[in-house]
1. What number comes out for accessible area per residue over the chain if the probe is 1.4 Å? Units Å², please.
2. Give, rounded to the nearest 20 debye, the magnitude of the charge dipole that the stretch 117-183 has about its Cα centre when Lys and Arg contribute +1 at Cβ and Asp and Glu contribute -1 at Cβ.
3. Would you compute, from DSSP H runs of 4+ residues alone, the mean residue ellipticity of the chain at 222 nm, taking -39500 (n - 2.57) per run and dividing by the full residue count, rounded to the nearest 500?
4. Longer than 20 Å from Cα to Cα, which of LYS75/LYS100; LYS77/LYS178; LYS100/LYS174; LYS77/LYS142; LYS75/LYS151; LYS100/LYS142 are they? Say none if no pair is.
5. Using a probe of 1.4 angstrom, how much of the accessible area of the stretch 72-183 is carbon and sulfur, in percent?
6. Would the stretch 97-183 count as rounded, prolate or oblate if I go by the C-alpha gyration tensor, calling it rounded below 1.5 in a/c and otherwise prolate when a/b exceeds b/c, oblate otherwise?
7. Size of the dipole of the stretch 36-183 about the Cα centre, Lys and Arg at +1 and Asp and Glu at -1 on the beta carbon, nothing else charged, in debye to 20?
8. With each label point set 7 Å from Cα along the Cα-Cβ vector, what nm distance links TYR155 and PHE103?
Amino acid sequence: DEYANIADVCEGTGPKNDRNHYLERARVNGDPHGQSPMLWLCSAMLDAELSEPLMKTVENIRFRTDVDSTNCWLKVKFPVGKTKFPTLLWLHGGGLTAGKANFRDLSDNGIAQVTVNYRFLGETDADGVIDDAAAAIAWTIKNIESFGGDKTQVYVAGHSAGGYLTLMAGMDEKRLAKDGLST
């Protein structure tokens, strides 16, 4: 409120062996029990903002050299000075006929991202597009540690056609087996 009182703070209570005793406490305004946690939260948010990791992007990385195409490349965005971070591999949508690699808005929170450009229908068939997705997954698992990431924390997702590629490349055991990986 206008006096900097936090609203709807659970009134203080002594210890009880009854869960409902805590859940049914009266809600008051300005109780000091609510002021400290709010200050702690503000302090933590300021600390997080100050320690937001610097992110670096490396572009135009070819992940397939076994096909003659200018469309098999990816970009990596990763936190500098951190290690063992998780990685999101993102496959864009576009009906397998359009679209381009793009990073998701993760507010640079220490999660690396790999975004992929793959061949479209017309340049290859559906199996070729799925193989591109599988090759990008394999490249990421095999190479993310060189950027500081943890290869056991690679998460694959996509939008629309990218979701389809995620499913097809990730669930068909023979796709990843080509690179010595399993689902």
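1. Accessible area per residue, the chain: 59 Å².
2. 140
3. Rounded to the nearest 500, it is -9500 deg cm²/dmol.
4. Over 20 Å apart, Cα to Cα: LYS77/LYS178; LYS100/LYS174; LYS100/LYS142.
5. Carbon-and-sulfur percentage of accessible area, whole number: 53.
6. The shape class here is oblate.
7. The dipole of the stretch 36-183 has a size of about 180 debye.
8. Going from the TYR155 label point to the PHE103 one covers 1.7 nm.
The values are calculated or read from the model by the stated rules, or taken from the named source; none is laboratory data. Remember, it's a predicted structure, so these values are computed and weren't measured experimentally. As a convention, Cβ positions derive from the backbone with ideal geometry for all residues, glycine included, and neighbour counts pool all protein chains shown. When the accessible area is computed, the model is the full protein with side chains, heavy atoms only, and any ligands, DNA or RNA have been set aside. Shrake-Rupley method; radii C 1.70, N 1.55, O 1.52, S 1.80 Å.
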